[in-house]
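The values are calculated or read from the model by the stated rules, or taken from the named source; none is laboratory data. Predicted model only: the values in this text are computed from it and were never measured. Counting neighbours? That spans all protein chains shown, and the Cβs are built from the backbone with ideal geometry, glycine included. These accessible areas exclude ligands, DNA and RNA; they are computed on the full protein's heavy atoms, side chains included. Shrake-Rupley method; radii C 1.70, N 1.55, O 1.52, S 1.80 Å.
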Amino acid sequence: MTATHATQLLRPEQIAVQALEQIPYLHLPEHGSVFADREMRLRQLAAGHAMGDYLRFVAEVARAQQQLLHRYPAVPLPTLQQIDAAAQAAEPLLPAGSWIRDAGWQQGLAQLLDELLARVRDVQAGVTMRKLLGMPADAIELQADRLLNGVMVGLDLGTAPLIGAALQTYWTHLVLATAATAGKGAAPFGRTVNATLCPCCGSRPTASVTRIGPETTGLRYLHCSLCSTQWHMVRIKCTCCETTKGIAYQSLEPIDGRAKSASNAKNDAVQAEICDQCGHYLKVVHMEKDTQVEPVADDLATVTLDLLVTETGRQRHGVNLMLLFGDSDPAPSPGAA
């Protein structure tokens, strides 16, 4: 008698679920290079760019961030109870809007400013940095609260990128230190209810990136604007409302030295992914087109693309703490609530 084996065929949706489970969901920032890579890309993009001076300034900021991250002091990390509670609720473990910040982040801000003042020669930038160094701690905390919660009213757009840089370094350290403390095999960060926000800190992405490399070639990841964590989201899907309908792409194509809009320019390394359903867009940078792309740097260097897209009535979903879009409100006087 011949033995027979029953083969159960999987339904298409089951195959899709298994495929997603095999894809690495998170890519945490690299401690030794996250800001150094950004600095290098910014310096590349600055050459001959209309925003070259600002890109070089942000490159100096990234350089100072990398140095600060290397020597970041110990700060309070999530407890096991907090880790379990976040996992049970499928919520970010280190929520930017409500996490109780350690005072050490402001010490990091001061170190960042001292490093920049020693290297940056721009007069106006120096005035802004000295102004920030002279602000009371509670006024800086208020600005940080507004920045992290997306509140434009009362936000000083001049000092916001510098405060944002210190917060980025602090949250990057938090994420990496928490992951290191958990050890191999542990997973303090995982999938959350809202797949459009960072699963580590709950912040919006700056842009998305299609990666190259083992296990990730061609896969799209969203890049967190605060902690630089990247998390997977399938391609041709709105990163704001998550629909797969009405997705279009727009990019910049250099023609005779000028920027030109090209709706179907698939060969460009930076594109705007536009959703006709909710009216939002997010840039996507393609490593297969340019292996040097870096989401924050390339987002900054393609502001013209933002102008072209927003002229059609679309709203930007991404956030870049180095260049905030909005009307500048008067900064509160020192010590003001």
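Pairs linking a residue in segment 215-236 that is in contact (Cβ under 8 Å) with a residue 60 or more places away in the chain and over 21 Å from A166 (Cα atoms) to a residue that is among the β-branched types (V, I, T) and open to solvent by 10 Å² or more (accessible area, probe 1.4 Å), with Cβ atoms under 7 Å and 6 or more positions apart or on different chains, are L219/I23; R220/V234; H232/I23.
Look at I255 and say whether it is open to solvent by 10 Å² or more (accessible area, probe 1.4 Å), modelled with pLDDT under 95 and more than 19 Å from the chain's Cα centre (by Cα). Spelling it out, I255 is indeed open to solvent by 10 Å² or more (accessible area, probe 1.4 Å), modelled with pLDDT under 95 and more than 19 Å from the chain's Cα centre (by Cα).
The set of residues in segment 94-138 being among the hydrophobic types (A, V, I, L, M, F, W, C), over 18 Å from Y170 (Cα atoms) and in contact with a Gly (Cβ under 8 Å, 6 or more places away or on another chain) consists of L117, V120. If I go through segment 211-228 residue by residue, how many of them are under 23 Å from L69 (Cβ atoms) and buried (at least 17 other Cβ atoms within 10 Å of the Cβ)? Selection size over segment 211-228: 9.
Summed over segment 229-252, residues that are surrounded by 15 or more Cβ atoms within 10 Å (Cβ to Cβ), of a type in the set (S, T, Y) and either at pLDDT 95 or above or under 17 Å from G279 (Cβ atoms) (or both) total 3. If you go through segment 271-314 and pick out every residue that is open to solvent by 10 Å² or more (accessible area, probe 1.4 Å) and among the charged types (D, E, K, R), you end up with 8. Out of the residues in segment 177-188 that are in a loop (DSSP other than H, G, I, E, B) and among the hydrophobic types (A, V, I, L, M, F, W, C), state the one that is modelled with the highest pLDDT. Top of the filtered list is A187. Of the residues making up segment 193-205, those that are of a type outside the set (G, A, S) and either modelled with pLDDT under 95 or open to solvent by 20 Å² or more (accessible area, probe 1.4 Å) (or both) are V193, N194, L197, R204. For beta carbons closer than 8 Å, sequence separation of 6+ or different chains, a first residue in segment 25-47 that is among the aromatic types (F, W, Y) and a second that is open to solvent by 40 Å² or more (accessible area, probe 1.4 Å), the qualifying pairs are Y25/R191; F35/R63. S208 passes every criterion in (1) open to solvent by less than 20 Å² (accessible area, probe 1.4 Å); (2) more than 30 Å from V127 (Cβ to Cβ); (3) assigned to a loop (DSSP other than H, G, I, E, B) apart from (3). Take the residues of segment 144-178 that are out of contact with any helix residue (DSSP H, G or I) (no Cβ under 8 Å at 6 or more places or on another chain), aliphatic (A, V, I, L, M) and surrounded by fewer than 20 Cβ atoms within 10 Å (Cβ to Cβ): which is farthest from M129 (Cα to Cα)? If we take residues in segment 144-178 being out of contact with any helix residue (DSSP H, G or I) (no Cβ under 8 Å at 6 or more places or on another chain), aliphatic (A, V, I, L, M) and surrounded by fewer than 20 Cβ atoms within 10 Å (Cβ to Cβ), then A177 is farthest from M129 (Cα to Cα).
When you check R191 against the structure, is it touching a residue at least 40 places away in the same chain (Cβ under 8 Å), part of a loop (DSSP other than H, G, I, E, B) and of a type in the set (K, R), yes or no? Criteria met by R191.
Taken as a whole, the condition of being open to solvent by less than 30 Å² (accessible area, probe 1.4 Å), touching a Leu at 6+ places or on another chain (Cβ under 9 Å), under 23 Å from T229 (Cα atoms) and β-branched (V, I, T) does not apply to I140.
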